[in-house]
Amino acid sequence: MKHDPPPSDTAPLQNYDSAPNSKKLLAKALREARERIQVSDGELAEARRRRGLLAAALRREFGVGSRCYLNGSVAHGDALTPLTDIDIGVVVPNPDGEYGPGAKGPDELQQRAADAIRRELKDEFPNLRVIVGGRKRSVYVSFGKPVDKNEADFSADVIVALAHPVQGLWIPHHTEWDRSDPEAHTNMVRDAVRTSKVNYSKTIRLLKHWARTHSKPLCSWNIKALGLACLAVEMDQLDGMLAWFDHAIEDLSWQETPDPAGVAGPIGLPGDRMELVAKLKDARDSLAQAIAFADEGYDTLALKALATFFNDADMMPPPSDTAVATEEAKRAFDIRRARSASLTPMAGQVRGRTNTRSWAP
């Protein structure tokens, strides 16, 4: 089982010493905001420990030839606080083809996984609940004990999978099987983290938080899949977010996001696609407005626009109403003065005059 990448925000920060002052201001605000939403070391350590307990139980149950794989935000290095869940999968040996499309469904294997988890984790977690059935893909594990003291619980989604003979895996789809390649997804994300020098993860974390404060218009995996096409190079988070919105708007305007691994169908949306595009355009305009204000030297208005974009005063506190009103008045005055200057002739400048006579012979 491959290990997780290091938490993204522990990597060296982007050097903004040579950036314009406007970019320094918003970059600093984003860095401080990201520090407020990044998962803590304690949360990560406990989540990984519990995931290790699950992995050990699953490997013992399914024996030689089985393997566990990692997926989700902890494995990808873009988890947010509070951390409430983890993802893990186990690939089960199937030498005789007893399970799979045209054969048995996943129910028996999921029940075996659930029984093993109960058997091995119940002593440490007396309020443990493991649910099989009635779910699209996973065995649901509720530990009855959070990793964040402010949360009510912590859970895990456990996928019981079969190896596909060509590429990827067969994973449950209710009582049937679907093709997917979650291992390739994790590798692709980690490659993007590396080639972008961790800015992929930092930008994705900010975008996931934006989605969380705007009724989750698309799932975390959709955000990351779209990011693979535009964030896998080194850039700062302001440019990264703009690049992501531009790509997402263009791509979603005509299709649902394809599976980056080319194995599964497109990533489904929770609502109407064109309504989502309109929402993304509004968000993109709000972000662009923050950058425009900063470029013009109106720092308070830039920070206000950025706070409006994220819609979370705890993560991105807005400036005071007084400071905003003062700078709005200054900007209005500057605009009037600039317009007046453009209409006033420069000293020594005389309009051309055509000689005319007021009478005709």
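A few notes on this one:
- Verdict on L207 being surrounded by fewer than 24 Cβ atoms within 10 Å (Cβ to Cβ), out of contact with any Pro (no Cβ under 8 Å at 6 or more places or on another chain) and under 15 Å from L30 (Cβ atoms): no
- Set D153, D191: member being modelled with pLDDT of 95 or more, over 30 Å from A29 (Cα atoms) and surrounded by fewer than 23 Cβ atoms within 10 Å (Cβ to Cβ): D153
- Out of L252, L228, sole residue that is under 20 Å from A278 (Cα atoms), surrounded by fewer than 23 Cβ atoms within 10 Å (Cβ to Cβ) and of a type outside the set (G, A, S): L252
- The set of residues from the range 266-280 being in contact (Cβ under 8 Å) with a residue 12 or more places away in the chain and among the small types (G, A, S) comprises G268, G271.
- For L238, the criteria (1) in contact (Cβ under 8 Å) with a residue 12 or more places away in the chain; (2) farther than 25 Å from A29 by Cα hold in every case but one, which is (2).
- Filter pass, K197 being more than 27 Å from V91 (Cβ to Cβ), in contact (Cβ under 8 Å) with a residue 60 or more places away in the chain and touching a strand residue (DSSP E or B) at 6+ places or on another chain (Cβ under 9 Å): no
- Complete set of residues in the range 281-323 that are surrounded by 14 or more Cβ atoms within 10 Å (Cβ to Cβ), without any contact (Cβ under 8 Å) to a residue 60 or more places away in the chain and either outside any helix (DSSP H, G or I) or hydroxyl-bearing (S, T, Y) (or both): S286, Y298, T300, T308, P317, P318, P319
- Where a residue in the range 30-41 is within 14 Å of D78 (Cβ to Cβ) and its partner, wherever it lies, is charged (D, E, K, R) and buried (at least 21 other Cβ atoms within 10 Å of the Cβ), with Cβ under 8 Å and at least six apart: R34/K202; R34/R205; I37/R205; Q38/R205
- A count restricted to the range 106-145 and to residues that are in a loop (DSSP other than H, G, I, E, B), touching a strand residue (DSSP E or B) at 6+ places or on another chain (Cβ under 8 Å) and under 21 Å from W177 (Cα atoms) stands at 5.
The values are calculated or read from the model by the stated rules, or taken from the named source; none is laboratory data. Bear in mind that the values here come from a model prediction, so they are computed numbers and not experimental data. Backbone-built Cβ (ideal geometry, glycine too); neighbour counts: all protein chains shown.
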